[in-house]
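Enquirer: Shown below is the structure under consideration.
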Amino acid sequence: MPPPAQAAPIASIQRTLRMTLGFTVERIDDVVLDGPAELLKQNLMSPFAWREGKDAGLMALVRAVPPDKGPDDESGRIWYGRSGSDGLVFRMDETPVLVPSDEGDDALGCEDPTVVQTEAGYAVLYTGVDRRKNGHLLYATGADMRRLEKRGVALPNSKGEKNSKEATLLRADDRWQLLYEYSSEGHSLISLTNGAGPAGPWDEQPDPFGPRAEKWDSWHLSTGPLLRSDPARPVMFYNGANKSADWGIGWVALSPDLRRVTARCDGPLIAPPADADGPRDISFAASVVDTEGTIWLYYSRNDRELKRATIRQTT
């Protein structure tokens with residue numbers, strides 16, 4: 001009698017899972033805002049959507065930019081709204097919740113919001129643009145989203161890392177993790193740092209992943225949202241581009257501490273234009289919501305339209 005079959009070693013199973021992880025886009029829908037005329041006439045981007053507890057609806061922060069913006073004009077204000085269970089139509093407030101200051105690190109614009117819930121309410125990280133057009137990672141807090149108070153710099157720019165922006169902020173007990181985009185030697189790259197709170201102090205870590213030669217993300221990377229349905233294998237839907245800045249959206253699976261890649265897409269989920277000389281067509285991921293296995297990825301297209309991709313995991 002042959003010996004009984006042996007179970008595959010755990011390490012072998014894990015390797016198989018890493019090799020077969022994948023995602024496909026099932027459909028793409030327009031995200032519609034209902035609100036004041038001042039907002040609806042503007043270009044819309046950076047849709048950060050989230051759900052609180054068992055609430056059937058979603059909340060969202062959105063960046064709005066004047067369509068006729070000049071190089072020295074304001075680069076954005078951040079507005080708040082809520083949707084029903086469809087997560088596609090958001091009723092927006094009559095006024096924005098974060099606007100540029102008269103002077104300082106956000107005098108020229110408020111961009112790229114990220115929300116984390118705290119015991120006291122909310123912490124919102126956002127990108128401030130000063131009058132010299134430098135980006136800064138700033139934060140605001142409040143018991144209510146409509147009563148946010150600006151707190152200043154969340155993460156200072158360093159000599160080697162400039163224009164810090166596009167924050168992804170995570171909280172686990174007393175530990176905070178911050179992934180963000182920075183510029184270095186003509187590249188946009190992604191960095192990781194651990195901290196004691198939304199404003200640090202921060203302990204810088206090595207970049208979790210970098211550009212790949214000869215691929216669609218060969219030159220630029222920008223932070224995207226993290227899908228954390230499986231705590232052992234968080235997945236970032238990140239933004240990548242070549243040297244010509246043809247941006248698309250891909251995915252990368254990371255170790256639980258976010259420091260090591262366990263799997264990564266070969267091609268983008270939402271692709272940059274096939275014809276580099278054709279019309280500009282860029283996609284930029286901003287947030288992800290997982291509802292009982294249904295993955296909604298919110299992103300902006302061409303820096304003026306809001307979209308939602310319904311994504312299926314193919315493992």
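Enquirer: Please list, or write none, the aspartates and glutamates whose alpha carbon is within less than 16 Å of the alpha carbon of K150, excluding same-chain residues fewer than 8 places away.
Expert: List returned: D102, E103, D105, D106, E111, D112, D130.
Enquirer: I would also like to ask the following. Among G57, G152, G293, which one shows the highest mean-square fluctuation when the chain is modelled as a Gaussian network with alpha-carbon springs under 10 Å?
Expert: Fluctuation is largest for G293.
Enquirer: Which of the lysines could a cross-linker span from K307 if the Cα-Cα distance has to be under 27 Å and same-chain partners fewer than 8 positions apart are dropped?
Expert: Cα-Cα hits under 27 Å: K41, K54, K69, K165, K215, K243.
Enquirer: Of E119, E149, E38, which is the most mobile in a GNM of the chain whose springs link Cα atoms less than 10 angstrom apart?
Expert: So, out of E119, E149, E38, the one fluctuating most is E119.
Enquirer: Checking the a/c ratio against 1.5 first, then a/b against b/c, what shape does the Cα gyration tensor give for the range 35-122? Before the final figure, lay out the partial values.
Expert: On the way: a/c = 2.64, a/b = 1.50, b/c = 1.76.
The shape class here is oblate.
Enquirer: Let me ask something else. Run the simple label-point estimate for D68 and E292 please: 7 Å along Cα→C-beta, distance reported in nm.
Expert: 4.9 nm
Enquirer: Give me the 1.4 Å probe accessible area per residue for the range 181-315, excluding ligands and nucleic acids, in Å². Could the numbers behind the result be given before it?
Expert: On the way: 5690 Å² over 135 residues.
Heavy-atom accessible area per residue stands at 42 Å².
Enquirer: State, in angstrom, two size descriptors of the chain derived from its alpha carbons: Rg to one decimal place and Dmax to the nearest whole number.
Expert: Rg, Dmax (Cα atoms, Å): 19.7, 84.
Enquirer: What are the extents of the Cα atoms of the range 84-162 along their three principal axes, in Å, largest first?
Expert: The principal-axis extents, from largest down, are 45, 27, 23 Å.
Enquirer: Using alpha-carbon positions, what is the distance between the centroids of the range 193-239 and the range 56-114, in Å?
Expert: Cα centres, the range 193-239 to the range 56-114: 24 Å.
Enquirer: Could you list log10 I(q)/I(0) for the range 147-222 at q = 0.12 Å⁻¹, which the Debye formula gives when each Cα is one point scatterer?
Expert: Debye output, listed in q order: -0.37.
The values are calculated or read from the model by the stated rules, or taken from the named source; none is laboratory data. The model shown is predicted, which means the values in this text are computed figures rather than measured ones. Neighbour counts run over all protein chains shown; Cβ positions are idealised from the backbone, glycine included. For accessibility, only protein heavy atoms count, side chains too; no ligands or nucleic acids. Shrake-Rupley method; radii C 1.70, N 1.55, O 1.52, S 1.80 Å.
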